[in-house]
Amino acid sequence: MRVENKVVIITGAASGIGRQTALTFSQEGAKVVVADLNETGGRAIVEEIERAGGEAFFARLDVSNREQSKQVVKDTLERFGKIDVLINNAGINQDALVSKMTEEQWDKVITIDLKGPFNCIQAVVDAMTEHGTGEIINVSSIVGLYGNIGQTNYAAAKAGLIGMTKTLAKELGKKGIRVNAVAPGFIATPMTAGVPDKILEMMKEKTPLRRLGQPDDIANALLYLASDEANFVNGAVLSVDGGLLI
Ligand code: NAP
């Protein structure tokens, strides 16, 4: 068991990458807090984990709401007594070319994808500091590293998350807290389900491994970063993209 008895809060855990991460961490011995806006999906994951003998609870969370972020941390401490790992996975996209992007689209993506992780990190940092150890992992994107047409808001948020990761790796390292990021490539989840087949084929062609990523490709990278195997990994941005952009 690679994360036995670790308590992990996963935001956006009702769907896609977050859902698979909740299942993978539970299989590896973690106690999981499924934190999401989507209550039906979130409760279904909790039931699946419990049926398999694991421990989890659902916490309704809008990451853009600072009070809710604090409440999830409070509930987790009450239920499990500590927090070992925070995975800032919740995210959305609202794409448009820059000349067409509305202020609402800009604000919404920045608020959920960039301010959301900040809210959750601030909520959790005192508990981790007191505990003397912790792992924070931010789910960024290759778009945050290389940009993408039509995603000014999303690219800015995901690049900002990398800046936040490196800053907090310096700031919190001395408190025993590691902060890292993963940068997924193109992963088959509900977020990318609407992409036309032609584009999907093109993405496969461009990827040296000739396939799209699957949620468990990212869940396994998150598992490594959260585990003691990564004890000296801090401030890293792990690309998990099949080599798409080399
Ligand atoms: P997904 O399937 O759409 O899942 C995202 C989850 O986050 C959903 O359950 C969603 O709930 C929830 N969520 C949305 N807004 C939230 C909020 N304000 N507070 C709490 N939860 C919220 O997406 P995914 O593809 O798994 O993406 C997960 C993360 O990976 C995101 O940060 C995304 O940017 C990143 N990523 C994905 C890809 C990819 O190709 N899929 C590539 C690079 C990076 P609702 O369904 O109710 O909205």
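The values are calculated or read from the model by the stated rules, or taken from the named source; none is laboratory data. Note that this is a predicted model, so its numbers are computed, not measured. Neighbour counts are summed over all protein chains in view; Cβ atoms, including those assigned to glycine, are modelled from backbone coordinates with ideal geometry. Accessible surface areas use protein heavy atoms only, side chains included; no ligands, DNA or RNA. Shrake-Rupley method; radii C 1.70, N 1.55, O 1.52, S 1.80 Å.
Evaluation of LEU244 against the conditions (1) without any contact (Cβ under 8 Å) to a residue 60 or more places away in the chain; (2) within 16 Å of the ligand (Cβ to nearest atom) shows that the sole unmet condition is (1). Take the conditions modelled with pLDDT of 95 or more, more than 8 Å from the ligand (Cβ to nearest atom) and open to solvent by less than 40 Å² (accessible area, probe 1.4 Å) and apply them to ALA183. Does it pass? Spelling it out, it is not the case that ALA183 is modelled with pLDDT of 95 or more, more than 8 Å from the ligand (Cβ to nearest atom) and open to solvent by less than 40 Å² (accessible area, probe 1.4 Å).
Checking the range 95-107 against the condition returns no match, with no residue being within 14 Å of the ligand (Cβ to nearest atom), among the aromatic types (Phe, Trp, Tyr), in a helix (DSSP H, G or I) and farther than 22 Å from VAL3 by Cβ.
Yes/no per residue for (1) more than 13 Å from the ligand (Cβ to nearest atom); (2) open to solvent by less than 30 Å² (accessible area, probe 1.4 Å); (3) touching a residue at least 24 places away in the same chain (Cβ under 8 Å); (4) of a type in the set (Ser, Thr, Tyr):
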| site | (1), (2), (3), (4) |
| --- | --- |
| ILE137 | no, yes, yes, no |
| TYR154 | no, yes, yes, yes |
| ILE162 | no, yes, yes, no |
| THR167 | yes, no, no, yes |
| GLU171 | yes, no, no, no |
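I'm checking my understanding of the structure. Among residues of the range 195-244 that are among the β-branched types (Val, Ile, Thr) and not in a strand (DSSP E or B), which one is most open to solvent (accessible area, probe 1.4 Å)? My answer is ILE199. None of GLY29, GLY18, GLY91, GLY41 is more than 14 Å from the ligand (Cβ to nearest atom) and out of contact with any His (no Cβ under 7 Å at 6 or more places or on another chain) except GLY29.
Do we find that LEU145 is in contact (Cβ under 8 Å) with a residue 24 or more places away in the chain, more than 16 Å from the ligand (Cβ to nearest atom) and open to solvent by 10 Å² or more (accessible area, probe 1.4 Å) in this structure? Show your work before the answer.
Details: in contact (Cβ under 8 Å) with a residue 24 or more places away in the chain: yes; more than 16 Å from the ligand (Cβ to nearest atom): no; open to solvent by 10 Å² or more (accessible area, probe 1.4 Å): yes.
So LEU145 does not fit the description; no.
Residue-by-condition table, conditions (1) touching a helix residue (DSSP H, G or I) at 6+ places or on another chain (Cβ under 7 Å); (2) of a type in the set (A, V, I, L, M, F, W, C); (3) closer than 19 Å to ALA226 by Cα:
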site	(1), (2), (3)
ALA56	yes, yes, yes
LYS70	yes, no, no
GLN94	yes, no, no
LEU97	no, yes, no
ASP107	no, no, no
LYS115	no, no, no
ASN119	yes, no, no
MET128	no, yes, yes
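Within the range 157-174, the residues that satisfy the criterion of being of a type in the set (A, V, I, L, M) and over 19 Å from GLY147 (Cα atoms) are LEU168, ALA169, LEU172.
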